[in-house]
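Asker: Can you keep this structure in mind? I'll have questions shortly.
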Amino acid sequence: MSISKQDERIIHESFHPKSWSEIKSHDSWSVFKIMAEFVEGMERLSRSGPCVAIFGSARTQPGDKYYEMAVEIAEKLADYGFGTITGGGPGIMEAGNKGASQGGATSVGLNINLPFEQHFNPYIDHDKNICFDYFFVRKTIFMRYAQGYIAMPGGFGTLDELSEALTLIQTNKMVEFPVVLVGSEYWKGLIDWFRGTLLTNKMITEEDFEIFQIVDNADDAVKIIKDFYKKYAIKPNF
């Protein structure tokens with residue numbers, strides 16, 4: 001895979017050691033960029049209506065069962081009045097935006113500048129394609145405006161987003177919302193580790209397993225979202 005000169009520059013700047021003076025100077029000016037990203041994200045998402053976040057691997061290809069399932073989930077969510085928020089890139093993110101677009105629902109992409117893999121997909125609403133430089137700003141916007149989380153199979157980025165959601169709900173730093181893991185076979189090893197290591201060593205409690213649910217098809221994933229709002233007799237933020 002070849003990379004452009006711009007990508008080479010980004011990689012060099014990302015990994016080139018900086019002096020302490022460079023770090024201090026860069027951090028001071030970064031505050032304004034960070035503020036700008038928060039303001040833009042909040043203004044744009046506040047006008048998007050209720051959405052469910054669908055996230056998973058950028059490497060998943062069309063035709064893969066999880067890609068097609070993500071399309072189906074987003075389409076079915078559209079029937080219930082939910083749009084879809086994704087990370088804006090290819091793979092599962094593209095599938096989520098594609099399903100929302102096909103269902104006539106809001107399709108939001110929270111993209112991130114990366115030297116590889118990430119590029120926005122063509123199924124995002126033209127006015128809802130937002131690009132970030134900072135992962136933590138992007139995650140904050142995800143958490144603040146998603147009405148539910150659906151985690152498809154993915155890698156480190158997916159685990160990062162999932163851990164953030166579970167932690168914020170566990171610690172009551174965020175209003176509880178449904179968290180759905182799709183693919184029991186894929187997630188089995190992680191859940192077994194949760195039980196065999198974290199729970200055994202009292203790092204988490206049995207009640208923490210109630211924060212999320214695991215399903216294997218689109219209908220069950222969407223049902224959990226619908227039942228959550230029906231159970232508490234509340235509506236998503238329409």
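Asker: Any chance you could look up the accessible area of Trp193 with a 1.4 Å probe, heavy atoms only, rounded to 10 Å²?
Answerer: The accessible area of Trp193 comes to roughly 120 Å².
Asker: So what does Glu94 come to for accessible area, using a 1.4 Å probe and Å² rounded to 10?
Answerer: Near enough 30 Å² of accessible area.
Asker: Provide Asp208, Asp160 ordered by accessible surface of protein heavy atoms (probe 1.4 Å), highest first.
Answerer: The most accessible residue leads, giving Asp160, Asp208.
Asker: Starting from the Cα gyration tensor of the stretch 31-174, take the square roots of the eigenvalues, sort them a ≥ b ≥ c, and report rounded, prolate or oblate (rounded when a/c is under 1.5, otherwise prolate if a/b is larger than b/c, else oblate).
Answerer: Numbers: a/c = 1.31, a/b = 1.28, b/c = 1.03.
Rounded shape, in that the Cα axes give a/c under 1.5.
Asker: From the backbone phi of the stretch 38-49, what are the Karplus-calculated ³J(HN,Hα) couplings (6.51 cos²θ - 1.76 cosθ + 1.60, θ = phi - 60°) in whole Hz, Gly and Pro given as x?
Answerer: Taking θ as phi minus 60°, the curve returns 4, 4, 5, x, 5, 5, 6, 6, 5, 9, 8, x Hz for the stretch 38-49.
Asker: While we're looking at this one, here's another question. What whole-number value in Å² describes the accessible area per residue of the stretch 88-238 for a 1.4 Å probe? Write down the numbers at each step before the final one.
Answerer: On the way: 7720 Å² over 151 residues.
The answer is 51 Å² per residue.
Asker: May I ask you to give the percent of accessible area on the stretch 43-198 that is carbon plus sulfur, with a probe radius of 1.4 Å?
Answerer: So the carbon and sulfur contribution to the accessible surface is 51 percent.
Asker: Separate question: So if each residue of separation counts as 0.36 nm, and I subtract the Cα-Cα distance between Asp220 and Thr167, what length gain in nm does that give? Display every interim value, and only then the final one.
Answerer: Details: separation 53, 0.36 × 53 = 19.08 nm, distance 2.38 nm.
This chain segment gains 16.7 nm when fully extended.
Asker: Taking all protein chains together and a probe of 1.4 Å, list Val175, Val39 from the most accessible to the least accessible. Walk me through the numbers on the way to the answer.
Answerer: Values: Val175 125, Val39 80 Å².
Greatest to least solvent exposure: Val175, Val39.
Asker: Something else about it: Please label the shape of the stretch 169-220 as rounded, prolate or oblate, based on the square roots a ≥ b ≥ c of the eigenvalues of the alpha-carbon gyration tensor (a/c under 1.5 means rounded; beyond that, a/b larger than b/c means prolate, else oblate). Write down the numbers at each step before the final one.
Answerer: Details: a/c = 3.12, a/b = 1.15, b/c = 2.71.
Since a/c reaches 1.5 but b/c is at least a/b, the shape of the stretch 169-220 is classed as oblate.
Asker: Between Asp160 and Asp127, with labels modelled 7 Å along Cα→Cβ, what's the label distance in nm to one decimal, could you check?
Answerer: 3.0
Asker: Does the stretch 120-219 come out rounded, prolate or oblate by the C-alpha gyration tensor, with a ≥ b ≥ c the root eigenvalues, rounded set by a/c under 1.5 and, if not, prolate when a/b is larger than b/c and oblate if not? Display every interim value, and only then the final one.
Answerer: Details: a/c = 2.05, a/b = 1.59, b/c = 1.29.
Prolate.
Asker: Still on this structure: Out of the stretch 86-192, which trypsin sites (Lys or Arg not before Pro) are coil in DSSP terms and have no more than 15 other C-beta atoms within 10 Å? Can you show the working numbers first?
Answerer: Numbers: sites: Lys98, Lys128, Arg138, Lys139, Arg144, Lys173, Lys188; in loops: Lys128, Lys173.
Here the sparse-neighbourhood loop sites are Lys173.
Asker: Report the net charge of residues surrounding Asp127, where surrounding means a beta-carbon distance below 15 angstrom and charges are Lys +1, Arg +1, Asp -1, Glu -1. Please list the in-between numbers first.
Answerer: Details: positive: Arg44, Arg47, Lys128; negative: Glu40, Glu43, Asp125.
So the environment of Asp127 carries a net charge of 0.
Asker: Report the local net charge at Lys173: Lys and Arg +1, Asp and Glu -1, summed over other residues whose C-beta lies under 12 Å from its C-beta. Walk me through the numbers before you get to the answer.
Answerer: Numbers: positive: Arg144; negative: Glu164, Glu176.
In short, -1.
Asker: A follow-up question, please. How do Met42, Met69 stack up against each other in accessible area, from largest to smallest, with a 1.4 angstrom probe? Display every interim value, and only then the final one.
Answerer: On the way: Met42 65, Met69 25 Å².
Result, largest first: Met42, Met69.
Asker: Could I have the simple spin-label model distance between His119 and Glu176, label points 7 Å from Cα toward Cβ, reported in nm to one decimal?
Answerer: Calculated label separation equals 4.4 nm.
The values are calculated or read from the model by the stated rules, or taken from the named source; none is laboratory data. The structure presented is a predicted model; accordingly, all values stated were derived computationally and were not measured. Neighbour counts are summed over all protein chains in view; Cβ atoms, including those assigned to glycine, are modelled from backbone coordinates with ideal geometry. Ligands, DNA and RNA are stripped out before the accessible areas are found, and what is left, the full protein with its side chains, is counted by its heavy atoms. Shrake-Rupley method; radii C 1.70, N 1.55, O 1.52, S 1.80 Å.
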